[in-house]
Amino acid sequence: METHGDQRAMAEEKFILIPGRTSRQGCGISEGKFGTNYREEIQTLQMSPQDMARLQLKDGDWVRVATEHGSVEVPVVAAKADELPPGVLFIAYGELSSRLMGADTHGSGMPTSKGLDVTLTKCSPPEMPAGRHTPAN
Amino acid sequence: MIDRERSGAAEPELKIVEDATCTFCGCVCDDIELHVQGDRIVEAKRACVLGTAWFLNHHVEDRPACLIRGKPASVEEGIHEAARILAEAKYPLVYGLSDTTVEAQRVAASLADWLGACLDTTTSVCHGPSGMAFQGVGEVTCSLGEVRNRGDLIIFWGSNPAESHPRHFTKYSLMPKGLFVPNGRRDRTCVVVDVRKTKSAKAADIFIQIKPRADFEALWTLRALAKGLELDARQVEQDTGQPLAVWQDLVERMKRARFGVIFFGMGLTMTRGKHANSEALLALTRDLNRHTRFVCKPNRGHGNVTGADNVVSWRTGFPFGVNLARGYPRFNPGEYTAADVLARGEADAALILASDPMANFSQPAREHLKRIPYVALDPKETPTTRHATVAFTVATYGINVPGTVYRMDDVPIPLRPAFPSPFPSDQEILEGIERLVRQWKYPRPQPGLSLRPAAAGSLHR
Ligand code: SF4
């Protein structure tokens, strides 16, 4: 996904990101990785309702999430009920979550893929929202 | 290209397949009733939401069986080109294996051996760290049947089966009425330990929400308490995010259980600490056997990732991350694992079987994979097949292809396919590649000729 300029200034916020499985992502794998279900699911970030309120974000606002290894721009939605504690973000596994992880496996073969330190800033949505379904690769 | 012209054809007869096996996740449910109409499954009784999506979306697709550099080609041409790419490589990588039959995995291991390749499976990026921990600590384990009949304290740690293995609770771990748990759910206590209050947490009697990246500290807290050591309450709460009393209560429940089980997931293996987290959990399980019977099991994701561990172990002596370049196997996670071999830019060709590193690997690994020639086998189009030099569309295991898979508890389960596919199986493609590679790299000695294998440079003929 292309990067876009900030819509309005928001201080860089620090979070811990946990990529993981969801039923919709799992079904999307069988339906096809270029289908709407899969692509929407892996390109949506979840945040605790408390953090959404604190940062004055509403469902569908776009944010840039960055690690030292890469950054992605995604719409954010409030996590259901008390699923996420404040300070923790969730995204379904996929190409976007992989872009945020480093290559170093610390001698284990496994890159650190959960519990990533990320920074988050608000950004403007892409010019053509349909672009969010465009395969990244 | 598959001919899908059906105009004017009568509706195909409905066929029922009893006891079909779902290979979407490691539960490998083998009690599915499939309703099949021609080359389409129209209903999958007893399958969960993931299983239903799996069965109902694997019909025969209108795609070429083989693409070479994006252009349709015959399967024979594809096999020839794939064999050439791999045989000419100095450091080929054979990776994936977890979503295919044991029979195909065996051929992949043989092919890797003939090639002198690095052989790695998707285990390295799911429970590979647990595989390392098993070697260090050992595994006190059991079958899912024992859990079903005996388990009275069921703990899920860093695992969310409600979304990843939806029938886990009903088929094996929580709901079933078993020999020693006759009242089913009422005879069991379920504890979920996680950073997020997942859907699984909502099914638990006790949910323990720990601080992100505090699994290691929490597990060692439990080990210390199980040993009867005194701990600083303030420190424990600061390290784990939960008061000491919560951990004391859990340890007492663990000791009191008649048959305790910990199912653990990638919340442990993918988070900082990785194999050290798994080691802590395996050691805790071992410690608890001083008090009662306690076992643990990784909740495995892909349908036959456990088969991949078994096959690679029985063929090479190691479960994943094996290098065969010297003619004998060497195991070294971090050196011979696919994520590393690619990110460091070492492999100069690859065979990707039933997996999607182009979606799941780090950016440097993906960029390197894009630069080298590689062969991909998959029933579906994926980011990995899109970039492959040679991409084969293969028949789907369990739906079109018979064979064997291993459930997450190492129990082999037979597959009962629903309908035939016009596409070749993974095994057929791999055998074709293996035959050519073997002929080219190790031609049968002719009388009077040298017995030494042909040099890689002389493969073109
Ligand atoms: S639990 Fe797993 S194996 Fe069983 S039906 Fe669901 S996806 Fe298939």
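Between the alpha-carbon centres of the range A:36-68 and the range A:91-116 there is a gap of 19 Å. The C-alpha atoms of chain B define a longest principal axis, and helix B:215-226 lies at about 40 degrees to it. For the range B:64-137 versus the range B:169-196, the spacing of their alpha-carbon centroids is 38 Å.
According to the Kirkwood relation over distinct C-alpha pairs, the hydrodynamic radius of chain B is 23.6 Å. Percent of Cα-Cα pairs more than 31 Å apart in the protein assembly as shown, please. Value for the protein assembly as shown: 51 percent of Cα pairs lie more than 31 Å apart. Potential lengthening of the chain between B:MET175 and B:ASN332 amounts to 52.5 nm, from the contour at 0.36 nm per residue minus the alpha-carbon distance. Calculated mean residue ellipticity, 222 nm, chain B: -10000 deg cm²/dmol, from DSSP H runs (n ≥ 4) at -39500 (n - 2.57) each, averaged per residue and rounded to 500.
Sparse packing (at most 10 other Cβ atoms within 10 Å of the Cβ) combined with a DSSP loop state is found for none of the trypsin sites (Lys or Arg not before Pro) in the range B:76-140.
Helices in chain A, meaning DSSP H runs of at least 4 residues, each add -39500 (n - 2.57). Divided by all residues, the mean residue ellipticity at 222 nm is -5000 deg cm²/dmol. Largest GNM mean-square fluctuation across A:ARG54, A:ARG39, A:ARG24, computed for chain A with C-alpha springs under 10 Å, falls on A:ARG54. Magnitude of the charge dipole for the protein assembly as shown, about its Cα centre and with charges confined to Cβ atoms of Lys, Arg (+1) and Asp, Glu (-1), is about 980 debye. Given their separation in residues at 0.36 nm each and the Cα-Cα distance between them, B:ARG234 and B:LYS90 gain 46.2 nm when the chain is fully extended.
Distance between the modelled labels on B:ARG344 and B:LYS370, one decimal in nanometres: 2.3 nm (7 Å Cα→Cβ projection).
Hydrodynamic analysis of the range A:6-56 uses the Kirkwood radius over alpha carbon pairs. Inserted into Stokes-Einstein at 4 °C and 1.567 mPa s, it gives a translational diffusion coefficient of 98 µm²/s.
For a paramagnetic label modelled on A:ALA11 (point 7 Å from Cα along Cα→Cβ), amide N atoms under 16 Å away belong, within the range A:37-69, to A:51-57.
For the residue pairs B:LYS197/B:LYS274; A:LYS33/B:LYS297; A:LYS114/B:LYS297; B:LYS171/B:LYS274; A:LYS80/B:LYS380, the alpha carbons lie more than 26 Å apart in A:LYS33/B:LYS297; B:LYS171/B:LYS274; A:LYS80/B:LYS380.
The long axis of helix B:305-316 is offset from the longest Cα principal axis of chain B by roughly 70 degrees.
Taking the convex hull of the alpha carbon positions in the range B:285-387 and averaging its projected area over all directions gives 8.7 nm². One compactness figure for the range B:128-298 is 0.95, namely its Cα radius of gyration divided by 2.2 N^0.38 Å.
Estimated from the Cβ-Cβ distance and a Förster radius of 41 angstrom, the FRET efficiency linking B:ASN289 and B:LYS71 is about 0.10. Put simply, the range B:42-183 fits an ellipsoid with semi-axes of 39, 24, 12 Å; these come from the alpha carbon gyration tensor as the roots of five times its eigenvalues, largest first. Only the Cβ atoms of Lys and Arg (+1) and of Asp and Glu (-1) were treated as charged; on that basis the dipole of the range A:13-123 about its Cα centre amounts to roughly 80 debye.
If you wrap the tightest convex hull around every Cα atom of chain A and split its volume per residue, you get 114 Å³. In this label model, B:LYS255 and B:ASP410 are separated by 3.0 nm, measuring between points 7 Å along each Cα→Cβ vector.
The mean sequence separation of alpha-carbon pairs under 8 Å and at least six residues apart, normalised by the residue count of the range B:1-106, gives a relative contact order of 18 percent. Across all Cα pairs in the range B:265-338, the calculated P(r) in 5 Å bins from zero up to the longest distance comes to 3, 13, 16, 20, 21, 15, 8, 3, 1, 0 percent per bin.
Scan the range A:47-91 for GluC sites (Glu not before Pro) in coil per DSSP, keeping those whose Cβ has at most 15 other Cβ atoms within 10 Å, and list them by number. Here the sparse-neighbourhood loop sites are A:GLU68.
Just to confirm the filter: which GluC sites (Glu not before Pro) across the range B:7-78 are DSSP coil and have at most 13 other Cβ within 10 angstrom of their Cβ? For GluC sites (Glu not before Pro) across the range B:7-78 that sit outside H, G, I, E and B with at most 13 neighbouring Cβ atoms in 10 Å, the list reads B:GLU13. Roughly how far apart, in whole Å, are the Cα centres of the range B:323-390 and the range B:217-272? First find each Cα centre; the distance between them is then 38 Å. Approximating the spin labels as points 7 Å out from Cα along Cα→Cβ, the A:ASP104-to-B:GLN439 distance works out to 4.8 nm.
Coordinate-derived values only; no laboratory data. Just so you know, these numbers come straight off a predicted model, no measurement behind them. So basically every Cβ, Gly included, is an ideal-geometry build from the backbone, and we count neighbours across all protein chains shown.
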